[in-house]
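This report refers to the structure that appears directly beneath it.
The values are calculated or read from the model by the stated rules, or taken from the named source; none is laboratory data. These numbers were taken from a predicted model, which means no experiment stands behind them. Cβ sites come from the backbone with ideal geometry, for glycine too, and all protein chains shown count toward neighbours. Just the protein is used for accessible areas: all its heavy atoms, side chains included, with ligands, DNA and RNA removed. Shrake-Rupley method; radii C 1.70, N 1.55, O 1.52, S 1.80 Å.
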Amino acid sequence: MTNHQHEGPYQLPDRHEFHSEQPAGVSQQVPTSESIRVTTPPEVSGMGHRMKRKEDPRFIQGKGNYLDDVKLPGMLHMDIVRSPYAHAKILSIDASAALATPGVIAVITGKDLEAHKLHWMPTLMSDTQMVLPVEKVVYYAQEVCAVIATDRYIAADAVEKVVVEYDPLEPVMDPFKALDDKVIVRDDKEVKTNRVWHWEAGDKDATDKVFKDAAHVVKQYMHLPRIHVSSIETCGMVANYDSSMGKMQIYMTSQAPHAHRTVFALVSGIPEHKIQIISPDIGGGFGGKVPVYPGYVVCAVASLLLGKPVKWVEDRSENLQADSFARDYHITAELAADKDGKITGLRVNTLADDGCADAAANPSKFPAGLYSICTGSYDMKAAHVTVEAAYTNKPPGGVAYRCSFRVTEAVHMIERMTDILAHDLGIDPAEFRMKNFIRPAQFPYKSPTGWEYDSGNYPGALKKAMDTIGYQALRKEQAEKRARGELMGIGISSFTEVVGAGPSRDFDILGIKMFDSAEIRVHPTGKALARFGTKSQGQGHETTYAQIIAEELGLPASDIQVEEGDTDTAPYGLGTYASRSTPTAGAAAAMASRKIKAKARKIAAHLLEVKEDDLEWNVNKWQVKGSPDKAKTIQEIAFAAYTNHPPELEAGLEATDYYNPPNLTFPFGSYICVVDIDKGTGEVHVRRFIAIDDCGNIINPLVVEGQVHGGLTMGLAPALFEQIVYDENGTCLTGTFADYLLPTAVESPKWETGHTITPSPHHPIGAKGVGESPTVGAPPAIANAVVDALWHLGVRHIDIPITPEKVWKALRAAGVSD
Ligand code: MCN
Ligand code: CUN
C-alpha cells in the first residue's frame, strides 16, 4: 500500500498527540510477587477472597431485570425501517399503508425530526451523525424511519408496508479509494472530502534518523478488519415522558448513563434534572453500549411526541448490521534494530475506516484512542505513529469491542512486528523479547510517544508463562515434528495495556472531564449502601466494590449493597468501558471508605474516652494501642454515629469521593499459544493457551479469572473467526450468526491462567484494570503461533481472522499439500 502524505483539509481538526506532565512519584519500581494479598478473614471477605458473585443467584435463576423485562402501562412499541442501499438518495417515503394498519399509531421520518432540529445529532467525537435521513442514506441497514404501534409484531408488519423510493448512488467501501474524493460520503459538510482527521504521535525526525542508522528493518502491512461485539442482549430503550411532571424517564442499555443524560439534555433542551436514565441489568456491553444510536433518539422523541412510554429493542440482525463497529485499521509498520538485535525504532502509518461518521467513544484529545501505546513492552529510542481517518459508506463507530480505546490494534501490530523481526534475525521470539523488554529497573519509564508507565515487570511474566507451559520442550517437539513434515507453531504475546481514563487533565468525553465516583452510606445497624458512577454489564461490580469497602472498613462484603446505573440516585460518573472502573471508581470506593474510617476514629475516641492518636485500626475496629481489648467495632461505631456521636460532629456515617487518578494504570501480561495446523484443510487447532496476567493487586481472583476466560474467548474470535464483510454494493453479508462466526465451547481451548502481581504505585489499593487485557493480548499470540508454524515455508504474515481458507492458500502457494 502507499502512504498518502496529504495535508488537509480535514473535517475535524488534525492533531499532534500531547501528554501533560505526570505528578511526581506516580510511577516507580515496584516489587513483583505471586501471592495474592489477603488481610481480612473470610467472614469479612475483603480483597483477595474468592467470593462468589452476589449478582449470580438472580442471573442464574433468570431473575435479572433487563431492558426487555421493563413493561410500563400503556407502553407502545417501535420498529425501524432500514435502508437496502449503502448510498442512495431518498426520493419519497410513503407511509400511508403502514398508517392504515390497525394498531399503528405513528410513523416518524427524518422530515418530522427536522421540524424539531433533531434529524442530526453530535457524536461522542464531536462529529455529526444522522438520526434519520432527509436527503440520502449513507450505509446499508441505516435507520430510515420508525413505526410506532400498540404491539411489537404490528410494528414489525407495518415496517414492511412503508414504501421508500430510492435513487441509488455509487458507494465508496474502500477507505483507500475514499481518499480520492471521487464519491463524497458526507456532502452535508462544507468541505467536500472524505478525509476526517489526521493525527500523529512521537518524534518524526528522531525516528527517521534511527531508521537511517538501523542494521535491520522489517516492514509489514496488516489489516485488522471490522468486527462487532455480540452481546447476548442487543441494544434498546424504554422512554417514558410524563408531561404532567415534565420528566423524561429512560430505561436504556447504557454503559455510561450519566454521560448519556448530559448529552440528551444538551441535544434535546430538556433540563438535566428532568431526565432520569436507568441502566438496568445489562447482558454484555463490551463497548457496544457506549455510543448513542439513532434508535435511542427516535424512541425518546416518539415518547415525547405521543406522551406515552415507547419501547425499542433491536433484533440480532439490526445489531450486527448497524451498530457500532470496532477495528478497521489498515496498518503499515516498520520496526528497526541495531546489529545486536536490539530494537531501536518504530514507524507506523495507519488508515482508519471510520464509516460515515466519527462516532468512536474516545477521549476528545485522542481521536485514535490510546493507539500510541504501540511501542508496547519494548524499550526503543524513537517512534512515530500517524493515523489518517476516512469516511466510507459503512455504519459509524470505531472503538467498541473490548479494546481499551484502540490498544487492541496497537498491541496486535507491535507483537506481530516483534515476531517478524525475531524470525528474520533467526532469534527465538522469547529470547528476542527478553532482550528488548523495558527492564524492571527502568521504571518510572517514559515511552517514546509520551506515556509514563506506572509499574511493570515484563521478564517476570514471560518467564512464568514459559516455565508453566514448558517452552523449551515445546520447541524441541516442534523441531521433531517439522522434520516429519508436521505443522506446529508456538506464539507469544507480551502486551502492555493502558487503562483507567483518566487523569482529568488529559481525558474528557465531549468536554466532561473523566473521573469516577463512589458514595457510601453506613446505616445505624452497620449495613451499608454504596453507589457508583460506573455501570456493570457483567463484570461483577456488586461483589468486587463491596470487597474493596470490606477491605477498608471491615464491614462484611455481604452487608454492603452496591448500586449503579440510576442517574437519579448514583453520584455522577463517566461509566464503565476501557477497563476504567477499578482504576477510577474502585479507587473512589477506597477513598470514600477512608473518609468514613477517619470519622469512625473520632467517634471511637469519644466512646472510649481516649485521644484519636491512641487508636490503631485492626481489620474492623479501632482499638487502643497496647490494650486491644479496649476497642469499638465499625458496627458499634455506626450505631453511635446516629445515637451517641460526639457533640462537635455531625450525625451519620457517610462519604462521597470523586476520584481523579494521577495517571493511568498499565496492566500487562505474557501469553503463549500452541497450535497444530491441518495440512489438508488449513484448519488451525489451538492445542494450548497459557495466559499470565498482571493487574496489580487482585480484588477477587475468581472474578479476574472469569474476566480472563471470557476475554481470551473474545480474543480467539477475531483471531480465527469474526469479521464483518460487505460486497461491492455495500451490502452487509454478515448479518446473522450463520455468516458472522463466533467461537463456541467446541472451538475454544481449555484456557490456562495465572498471574504475577506488580501493584500500581499510585492506585489507593494498588490495583490495575483487567477487563480488556485478554482480548488485547490473545489475537497476536494466536497469529504469531500460526505464522511460527509456517515461517519455514516462506509465510511472513496472515491477516486475522486466520481462516482455514487463508492458511490452505498459503500452504498451496508454498507447494505443501496433503
Ligand atoms: N478486578 C479485580 N482485581 C483487579 C482488577 C479488576 O478483581 N486488579 C475485577 C473488578 O473488580 C471488576 C472486574 O474485575 O469486577 C473488571 O474490572 P475492570 O478491569 O476495572 O473493568 P471494568 O469493570 O471497567 O469493566 C470494563 C471492561 C470492558 S471495557 C469491557 S469491553 C468488558 C469487560 O470489562 N465488557 C464486559 N469485561 C466484561 N465482562 C462481562 N461479563 N461483560 C462485559 O460486557
Ligand atoms: Cu473498547 S470496549 Mo470496553 O472499553 O467497553
Next item on the list: Specify which of the listed residues (G575, G626, G586, G652) is within 16 Å of ligand 2 (Cβ to nearest atom) and at positive phi.
Entry: G575
Checklist line | Subset of region 278-300 [surrounded by 23 or more Cβ atoms within 10 Å (Cβ to Cβ), assigned to a loop (DSSP other than H, G, I, E, B) and of a type outside the set (S, T, N, Q)] | finding: I282, G285, F286, G287, G288, K289, V290, P291, V292, Y293
Check: Within region 507-526, which residues are within 19 Å of the chain's Cα centre (by Cα) and surrounded by fewer than 21 Cβ atoms within 10 Å (Cβ to Cβ)?
Finding: D508, L510, I512, K513
Check: Pick from V185, V164, V147: which is among the β-branched types (V, I, T) and open to solvent by 10 Å² or more (accessible area, probe 1.4 Å)?
Finding: V164
Checklist line | Residue count for region 540-558, restricted to those that are of a type in the set (D, E, K, R) and either near ligand 1 (Cβ under 10 Å from one of its atoms) or open to solvent by 40 Å² or more (accessible area, probe 1.4 Å) (or both) | finding: 1
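Matching residues to (1) of a type in the set (K, R); (2) more than 16 Å from ligand 2 (Cβ to nearest atom); (3) out of contact with any helix residue (DSSP H, G or I) (no Cβ under 6 Å at 6 or more places or on another chain); (4) free of Cβ contacts under 8 Å to residues at least 60 places away in the same chain:
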site	(1), (2), (3), (4)
E728	no, yes, yes, no
C732	no, yes, no, no
A745	no, yes, yes, yes
T758	no, yes, yes, no
I765	no, yes, no, no
Notebook entry, point to check: Going through region 664-694 one residue at a time, which ones are open to solvent by less than 20 Å² (accessible area, probe 1.4 Å) and either farther than 19 Å from P780 by Cβ or without any contact (Cβ under 8 Å) to a residue 60 or more places away in the chain (or both)?
Noted result: L664, T665, G682
Checklist line | Hits in region 282-329 - residues which are among the small types (G, A, S), within 16 Å of ligand 2 (Cβ to nearest atom) and within 25 Å of G730 (Cα to Cα) | finding: G287, G288, S324, A326
Margin query: Just checking: which of the strands (runs of 3 or more DSSP E) contained wholly in region 301-355 hold 3 or more residues that are open to solvent by less than 10 Å² (accessible area, probe 1.4 Å), touching a Pro at 6+ places or on another chain (Cβ under 9 Å) and modelled with pLDDT of 95 or more?
Written below: 343-355
Next item on the list: Starting from residues that are touching a Gly at 6+ places or on another chain (Cβ under 8 Å) and part of a strand (DSSP E or B), keep the ones in region 237-251 and report whichever is farthest from ligand 2 (Cβ to nearest atom).
Entry: Y241
Notebook entry, point to check: Within region 108-154, which residues are over 23 Å from A88 (Cβ atoms), in a loop (DSSP other than H, G, I, E, B) and in contact with a Leu (Cβ under 7 Å, 6 or more places away or on another chain)?
Noted result: L124, S126, T150
Check: From T332, T262, which residue is among the β-branched types (V, I, T), within 30 Å of A717 (Cβ to Cβ), out of contact with any Ser or Thr (no Cβ under 6 Å at 6 or more places or on another chain) and more than 16 Å from ligand 2 (Cβ to nearest atom)?
Finding: T332
Next item on the list: Output the number of the condition that E705 fails; it satisfies all remaining conditions of (1) under 30 Å from E519 (Cβ atoms); (2) part of a loop (DSSP other than H, G, I, E, B).
Entry: (2)
Check: Does M488 meet the test of being open to solvent by less than 10 Å² (accessible area, probe 1.4 Å), over 16 Å from the mean Cα position of the chain (by Cα) and under 30 Å from E415 (Cα atoms)?
Finding: yes
Check: Among the residues of region 396-448, which ones are of a type in the set (V, I, T) and within 14 Å of ligand 2 (Cβ to nearest atom)?
Finding: V399, V407, T408, V411
Next item on the list: Scan A400, A383, A361 and give me the residue that is in a loop (DSSP other than H, G, I, E, B), touching a Ser or Thr at 6+ places or on another chain (Cβ under 6 Å) and surrounded by 24 or more Cβ atoms within 10 Å (Cβ to Cβ).
Entry: A400
Checklist line | Test: residue in region 238-254 that is within 17 Å of the chain's Cα centre (by Cα) and crowded, with 22+ Cβ neighbours inside 10 Å | finding: yes
Notebook entry, point to check: Being in contact (Cβ under 8 Å) with a residue 24 or more places away in the chain, open to solvent by 30 Å² or more (accessible area, probe 1.4 Å) and more than 20 Å from the chain's Cα centre (by Cα), is that true of even one residue in region 767-790?
Noted result: no
